[in-house]
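Structure record follows, encoded as structure tokens.
The values are calculated or read from the model by the stated rules, or taken from the named source; none is laboratory data. Computed from a predicted structure; not experimentally measured. Virtual Cβ from ideal backbone geometry, glycine too; neighbours counted across all protein chains shown. The protein model used for the area step is the full one, side chains on, heavy atoms only, and it has no ligands, DNA or RNA in it. Shrake-Rupley method; radii C 1.70, N 1.55, O 1.52, S 1.80 Å.
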Amino acid sequence: MNSLKNKVALITGSARGLGKAIAERYAALGADIVINYSRDKAAADEVVSNIKAMGGRVIAIQADVSKVADIERLFAAAREAFGKIDIVVANAGIELVETPVVDFTEEQFDRVFSINTKGSYFTMQQAARTVADNGRIIYIASSTTSFPVPGMAVYGGSKTTPRYLVDILSKEIGHRGVTVNSIIPFAVDHSGIFADPAAYPDLRKQLLDSCPMGRLAEVEDVANIAEFFASDLSSFVSGQHLLVNGGATN
């Protein structure tokens with residue numbers, strides 16, 4: 001079993017969904033956890049309670065990753081609480097689906113890119129500045145960055161740009177033993193836009209039809225890879241983008 005004992009992990013957007021699953025997995029492996037949320041304090045408090053029930057050390061910090069000052073405050077508060085940061089997961093994001101190119105608005109574009117692109121860029125920048133030597137930086141991308149899906153131009157585009165930052169950052173800070181990688185999940189069931197099983201039935205069918213395994217991803221599928229990238233097993237793996245998609249071609 002992997003151990004993250006004596007490590008400190010900061011996960012953005014970790015009050016629910018993928019971020020929650022990753023935070024709880026890291027806590028189960030012994031890491032101290034920094035939960036980040038933007039608006040839903042009650043959900044963040046629930047994750048804190050879950051981790052404390054495991055016997056873990058955890059704090060929750062409100063910060064809007066679309067604001068650089070909030071990101072800087074988030075990292076400063078994490079270091080003040082735990083003295084260091086070893087693992088950063090840039091997970092916070094929002095989705096926009098079933099919106100053709102001819103229909104999306106400037107407001108939608110700005111909101112999605114401000115969180116998914118700007119937020120991820122400055123989260124990883126701050127991580128590069130503050131993460132301990134031999135640390136880990138992990139970006140949660142999307143399979144739409146590998147397989148274009150109609151109706152997801154804005155969302156997929158916003159998740160593509162930070163993948164390039166992973167490539168560059170892995171070269172710029174690799175001399176410190178810090179690895180920088182991305183996880184590219186397929187659509188995740190019971191999370192995000194599919195938190196409601198009845199939501200987006202046509203899109204769900206399209207995605208299921210494209211996957212040889214006949215299912216969507218689950219949060220634990222992604223947490224498994226987040227565990228690998230955070231552990232010593234991946235100490236010589238950097239600048240990589242790992243699809244978690246069951247062999248799907250869309």
query: Picking from 127, 132, which residue would you name as being in contact with an Asp or Glu (Cβ under 6 Å, 6 or more places away or on another chain) and under 26 Å from residue 85 (Cβ atoms)?
result: 132
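Yes or no: residue 177 modelled with pLDDT of 95 or more, of a type outside the set (Val, Ile, Thr), out of contact with any Phe, Trp or Tyr (no Cβ under 9 Å at 6 or more places or on another chain) and at positive phi?
Working: modelled with pLDDT of 95 or more: yes; of a type outside the set (Val, Ile, Thr): yes; out of contact with any Phe, Trp or Tyr (no Cβ under 9 Å at 6 or more places or on another chain): yes; at positive phi: yes.
Yes: the conditions hold for residue 177.
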message: Condition first: in a helix (DSSP H, G or I) and closer than 11 Å to residue 10 by Cβ. Now tell me which residues in the range 68-108 satisfy that.
response: 71, 74, 75, 77, 78, 79, 81, 82
Residues within the range 1-29 that are among the hydrophobic types (A, V, I, L, M, F, W, C), crowded, with 24+ Cβ neighbours inside 10 Å and not in a helix (DSSP H, G or I), tallied: 5
field: Residue check, residue 79 under 16 Å from the mean Cα position of the chain (by Cα), at negative phi, at pLDDT 95 or above and among the basic types (Lys, Arg)
entry: no
- request: May I ask you to list the residues in the range 210-239 that are open to solvent by less than 20 Å² (accessible area, probe 1.4 Å) and hydrophobic (A, V, I, L, M, F, W, C)?
  value: 211, 216, 217, 222, 223, 226, 229, 230
message: Regarding the range 206-222, can at least one residue be identified that is modelled with pLDDT of 95 or more, within 22 Å of residue 8 (Cα to Cα) and aliphatic (A, V, I, L, M)?
response: yes
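Give the number of residues within the range 171-201 that are more than 29 Å from residue 131 (Cα to Cα), of a type in the set (Asp, Glu) and in contact (Cβ under 8 Å) with a residue 40 or more places away in the chain.
0
Is it true that residue 60 is within 21 Å of residue 161 (Cβ to Cβ), modelled with pLDDT of 95 or more and crowded, with 19+ Cβ neighbours inside 10 Å? So that I can check it myself, show each step before the final result.
On the way: within 21 Å of residue 161 (Cβ to Cβ): no; modelled with pLDDT of 95 or more: yes; crowded, with 19+ Cβ neighbours inside 10 Å: yes.
No.
Hey, among 34, 65, 47, which residue is open to solvent by less than 20 Å² (accessible area, probe 1.4 Å), of a type outside the set (Asp, Glu), part of a loop (DSSP other than H, G, I, E, B) and closer than 27 Å to residue 111 by Cβ? Talk me through it step by step, then tell me what you get.
Working: 34 fails: part of a loop (DSSP other than H, G, I, E, B); 47 fails: part of a loop (DSSP other than H, G, I, E, B).
Going through 34, 65, 47 in turn, the sole match is 65.
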- request: Tell me which residues, restricted to the range 122-174, are under 19 Å from residue 34 (Cα atoms), open to solvent by 10 Å² or more (accessible area, probe 1.4 Å) and part of a helix (DSSP H, G or I).
  value: 122, 125, 126, 128, 129, 130
- prompt: Of (1) part of a loop (DSSP other than H, G, I, E, B); (2) buried (at least 19 other Cβ atoms within 10 Å of the Cβ), residue 183 satisfies all except one. Which?
  reply: (1)
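Mind checking whether some residue in the range 99-114 is touching a helix residue (DSSP H, G or I) at 6+ places or on another chain (Cβ under 7 Å), open to solvent by less than 10 Å² (accessible area, probe 1.4 Å) and at pLDDT 95 or above?
First, pick out the residues of the range 99-114 that are touching a helix residue (DSSP H, G or I) at 6+ places or on another chain (Cβ under 7 Å): 99, 101, 104, 108-109, 112-113.
This time we only want the ones that are open to solvent by less than 10 Å² (accessible area, probe 1.4 Å), so: 112.
Now drop any that are not at pLDDT 95 or above, which leaves 112.
Yes, some residue in the range 99-114 is touching a helix residue (DSSP H, G or I) at 6+ places or on another chain (Cβ under 7 Å), open to solvent by less than 10 Å² (accessible area, probe 1.4 Å) and at pLDDT 95 or above.
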query: Can you name every residue in the range 150-170 that is in contact (Cβ under 8 Å) with a residue 40 or more places away in the chain, farther than 22 Å from residue 87 by Cα and in contact with a helix residue (DSSP H, G or I) (Cβ under 7 Å, 6 or more places away or on another chain)?
result: 152, 154, 155, 158
task: Pick out the one residue from 83, 119 that is within 14 Å of residue 165 (Cβ to Cβ) and either touching a residue at least 60 places away in the same chain (Cβ under 8 Å) or of a type in the set (Phe, Trp, Tyr) (or both).
output: 119
- request: State all residues of the range 83-110 that are of a type in the set (Gly, Ala, Ser) and out of contact with any Ser or Thr (no Cβ under 9 Å at 6 or more places or on another chain); if no residue qualifies, say none.
  value: 83
